[in-house]
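Reviewing the structure listed below.
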Amino acid sequence: MDYNRQLLDFIKHSPSAYHAVDNVKKALESAGFERLEESGAWTLKAPGRYYVERNGSAIIAFRVPREDYNGFMIMAAHSDSPTFRIKEKPETVSAGAYTRLNIEKYGWMICSTWLDRPLSAAGRVMVEENGRIISRLADVDRDLLMIPSVAIHMDRTVNDGKKFDANVDMLPIMGGAEQNRSFAAIVADSAGVTEDSIIAMDMQLYPRTEGAVWGAENEYVSSPRLDDLQCVFGCMNGLINANDGDSAGVLAVFDNEEVGSGTLQGADSTFLWDVLARCCRAFGVETERAMANSFMVSADNAHAVHPNHPEYADRNDRPLMNGGIVIKYNAARKYATDSLSAAVFMKICDRAGVPYQRFTNRADLPGGSTLGNISSAHVSVSTVDIGLPQLAMHSAYETAGAKDTAYLVKAAEEFYACSFRRDGDSVLL
Ligand code: ZN
């Protein structure tokens, strides 16, 4: 199975978190998952497959094998990536010659990688139709924008370490000073609505560069947004393909990881707890007991050792692309992994025939954060933090190992077919 071609297709059609969740939803529906509304009553059957969306940018899917299921086998990943949010009424004329769009940073990106390449805009718009406020996806889907760098002749220090001020250096050009059509009109066309009907919008930039599989032996896959759509893709396919186990399989795709997760649709919300608690009530399963017999994998990409800067990696734990799934450890528990959750995940990888490796930060470098420890504060189950090894994290174009996508799908299939059962001090899988 050529998972990388499917992965690149999925990413290409997911230029924003709203589109990513829409594509997850379509894949789930094709696999027989039924939609539930958070605001409606739920009638659940076992066996059954369901999904719930929140805000159009987060989604939780679950499959219940039987009424007296053991607990939950949960995989979580995130739908968002660092980008630039386009402000409302964004047009601003510069040098009397250009119309630029006013933006602000969303997340923590490598600014230089957004320069000198065609960009477009995607997100959603709120429109009024028949007295209702309705959300519509919007993707301009053409080469519309560019952020030009300054010529080296004008800034001779450009190769000596450059500081980027988002308010000065990162505004994209849309065209000349005189524009017949506003940005809103272009967005309205792409959403299939009239400009007048748009009340508000959530639009962002995205790079137009398409993904590629490359290298002497096609070892690598590069694309925008591999962090974290590669993990979303792997976990989603695992949930869809897995055989039933004794536990309910759950996929949680959260938004806003890149800005700290503290939103209605982020990992620091009650979304996952709300869904799991309702599922327990529907089948008369005791919630606390189900949680004690549950396990979570937080899947968010990891750093591979860099070819030009191996010194940034830890002296022993140096993940290699195509070396398998990375288990992440951190003494300050930015990663939720401990010896129990690592042991459980290693056993599952062994059963799936999937290699794994370890990541720790250098003891003198702070690392990033992710979903696992944030989600554990709401849904307190044994959790392991993992990811696929990649280079250039938070670049507009990231690189990962071509073999690793399939490793995650295989491990996820095995994971969802397993059950985590506590028996006194021991755990049975
Ligand atoms: Zn991430």
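The values are calculated or read from the model by the stated rules, or taken from the named source; none is laboratory data. Note that this is a predicted model, so its numbers are computed, not measured. FYI the Cβ positions are ideal-geometry reconstructions off the backbone, even for glycines, and counts take in every protein chain you see. To get the accessible areas, we keep the full protein, side chains included, count just its heavy atoms, and leave off ligands, DNA and RNA. Shrake-Rupley method; radii C 1.70, N 1.55, O 1.52, S 1.80 Å.
Annotations for the structure displayed:
- Cα-projected label distance for residue 216 with residue 365, points at 7 Å along beta-carbon direction, nm: 2.6
- The trypsin sites (Lys or Arg not before Pro) found in the stretch 34-130 that occupy coil by DSSP, while having at most 12 further C-beta atoms within 10 Å, are 45.
- If you sort 114, 273, 42 by accessible surface, 1.4 Å probe, largest first, the order is 273, 42, 114.
- Note on residue 149/residue 338: beta-carbon distance plugged into 1/(1 + (r/R0)^6) with R0 of 41 Å gives a FRET efficiency of 0.35.
- Across the stretch 242-251, computed HN-Hα scalar couplings (Karplus, 6.51 cos²θ - 1.76 cosθ + 1.60, θ = phi - 60°) run 5, 6, 5, x, 8, 10, 7, x, 10, 10 Hz from first to last residue, x flagging Gly and Pro.
- Relative to the Cα centre, the charge distribution of the chain, modelled as +1 at Lys and Arg Cβ and -1 at Asp and Glu Cβ, gives a dipole magnitude of about 360 debye.
- Sorting 155, 425, 338 on solvent-accessible area from highest to lowest, probe radius 1.4 Å, gives 425, 338, 155.
- Eligible aspartates and glutamates near residue 89 by straight Cα distance, threshold 15 Å, same-chain separation 8 or greater: 104, 195, 196, 202
- Simple spin-label estimate for residue 162 and residue 134 in nanometres, 7 Å along Cα-Cβ: 4.4
- Trypsin sites (Lys or Arg not before Pro) restricted to DSSP loop in the stretch 329-429 with at most 13 other C-beta within 10 Å: 333, 362
- Evaluated with a Cβ-only charge set (Lys, Arg +1; Asp, Glu -1), the stretch 299-404 carries a dipole of roughly 180 debye about its Cα centre, given to the nearest 20.
- Residue pairs, from the table 25/403; 12/403; 25/410; 105/328; 12/45, whose Cα atoms sit over 24 Å apart: 25/403; 105/328; 12/45
- A 1.4 Å probe run over the chain, with the rest of the protein chains in place, finds 44 Å² accessible per residue.
- Candidate aspartates and glutamates - alpha carbon under 16 Å from residue 347, same-chain residues fewer than 8 apart omitted: 338, 385, 413, 414
- Our estimate of slack between residue 311 and residue 5, defined as 0.36 nm per intervening residue step minus the Cα-Cα distance, is 106.9 nm.
- Computed from Cα atoms, the angle from the helix 271-283 axis to the main principal axis of the chain rounds to 30 degrees.
- Over all other residues within a Cβ to Cβ distance under 12 Å of residue 359, the charged ones net out to +1, with Lys and Arg as +1 and Asp and Glu as -1.
- Here the Karplus relation 6.51 cos²θ - 1.76 cosθ + 1.60, evaluated at θ = phi - 60°, turns the backbone of the stretch 162-173 into coupling constants of 10, 9, 10, 9, 4, 7, 10, 8, 10, 7, x, 7 Hz, with x for every Gly and Pro.
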